[in-house]
Structures are given as structure tokens and as C-alpha cells.
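Undergrad: Quick one: this structure, given as C-alpha cells, is what I'll be asking you about.
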Amino acid sequence: MKLSTNSALTEALRTGARSARENALPGLILWCFACAVVALYYLVPSVNGALSALGRLKAAGGYGYSALATALFGGFLPFFWRWLSHRGTPSPWKVPAWQAGLFLTLFWAYKGVEVDFFYRLQALMFGSGAGFSTIAPKVLMDQFVYNPLWAGWTQLLGYWWLESSFRPSALADRSFWGSLGPRLVTVLVSTWAVWIPMVSVIYAMPGDLQVPLFNIVLCFWGLMLASLTKE
């Protein structure tokens, strides 16, 4: 049993490392884009003004803004792009496209509220600002506490349920829960290389602009993966 567990973990690490290498170029492009946004915000007055207006919109909308924006950028737009790219070919989903689109939109609306709450909690715990002493603990908490203990496996569960055609019994499927550890390891290893530098850039922005920048990065990430991958 122990040998089997070690083999599953080893294979999960290999799969995650392979995925990380495949995601390296898209991740580098995104990282450069996000760095450019932050640099322009701090150095170019016109860009600062435009982004500050977006930050005021986020501040006024609160959690409602986070839900709607993340539903659009993280759920609907990547879904719509994938639907367009598969027209005339077998559907990439096992349910009707409208059901997949509705689920992904609602799922990411919830995730938007969750991420907004987490960013606010981080600000209370570690303060605001773009200094290393503020950003570093936020990145560590984000990627090595929040991600493995909550964000990673709940996202896996959501996509597993979609893959299982929304069968209620799928949420208690032993095959999923029994393989959750290796699945989570694969996801974490494959995304850390991209998202550790990415959230470092996000946390360098003022609080009201962190969710909007997260949305933009998430959208481009989803669009690139939908274009480059089959699964």
C-alpha cells in the first residue's frame, strides 16, 4: 500500500513538472504583461488615472463587482472561447454547452467573492503596500496555505463534478477522493511556477486593484490554456 502511494505521488510530481514546463512560455508572457501593468500604473500618470478609476469602481461595487467580474473573466469568456474553437467538432464537455457555461460562470462568480475576501483578510493580517515585507508573507500564505488547504481541491471538485455531468453521487465518489492527494500535487506543482510570480505582482498593487488585475490575468491564462491544450 505504501509503495502504491509513493508511486502515485511520484507520478503526480512528474505530471505536475511536465505541465509546468508546458505552461512556462504562457506563464512568462503573462508575468511580463502583469509586470508591465504594475510598472505603467506607478510610472505613467494616464495609466494610473485609468486604473485608479477601475479601482474606484471595484471599491464601490465591493463583493458584487468581484462576483460579476470574475464570473465574466474567469468563467464565461474562457468558456465562450473554447466553445467557439470547438464548433463543428465533438463538444469538450459531457453536458450541453449551455449547462457547462452556466456552471463555470456561477462557479467563478463564487470564486471571485472568495478571492476578494481572502485578499481583504491578507491586508488585515499583513498590511498594505508594495514592500517585500508585505508581499512575501501574502505570497506564502496564498500559495502554500490557502491554495493547498482550500482553493486547489475545491476547484478540482468543481471541475470533477462538471466532468461527471453533475451527478450528485459524483461528489462522494471514492475514486475522486481516493486520488485527491496526487491530483492536488499535480495541480500545485504545475501552477506554482506561474502563479507564485503572478500573485507577487498582484499584491504589489493597491487593494482595490488586486481583484481587477487578478481577473485580467485569470482571463488571459484561461484563454491561452484553452487555445494550447485539449483537456
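Undergrad: I need to check one value: relative contact order of the chain, counting alpha carbon pairs closer than 8 Å and at least 6 residues apart, in percent.
TA: Result for the chain is 40 percent.
Undergrad: For segment 185-208, list residues with backbone N below 20 Å from a point placed 7 Å from the Cα of R14 toward its Cβ?
TA: So the set is 185-191.
Undergrad: DSSP H helices in the chain with Cα extent of 24 Å or more along the helix axis and mean Kyte-Doolittle hydropathy at least 1.0?
TA: Membrane-span-like by this criterion, though nothing is claimed about a membrane: 24-43, 180-202, 207-228.
Undergrad: Could you work out how far the C-alpha centroid of segment 30-62 sits from that of segment 65-133, in angstrom?
TA: If we compute the Cα centre of each part, the gap is 20 Å.
Undergrad: To continue, here is another question. So, in nm, how far is label S133 from label W177 when the simple model puts each one 7 Å beyond its Cα toward the Cβ?
TA: For the pair S133/W177, the computed spacing is 4.5 nm.
Undergrad: So for the chain, taking the charge dipole from beta-carbon charges (+1 Lys/Arg, -1 Asp/Glu), which of Y146, W192, S85 sits furthest toward the positive end?
TA: Highest projection toward the positive end goes to S85.
Just so you know, all these numbers are worked out from the coordinates, no wet-lab data involved. Note that this is a predicted model, so its numbers are computed, not measured. FYI the Cβ positions are ideal-geometry reconstructions off the backbone, even for glycines, and counts take in every protein chain you see.
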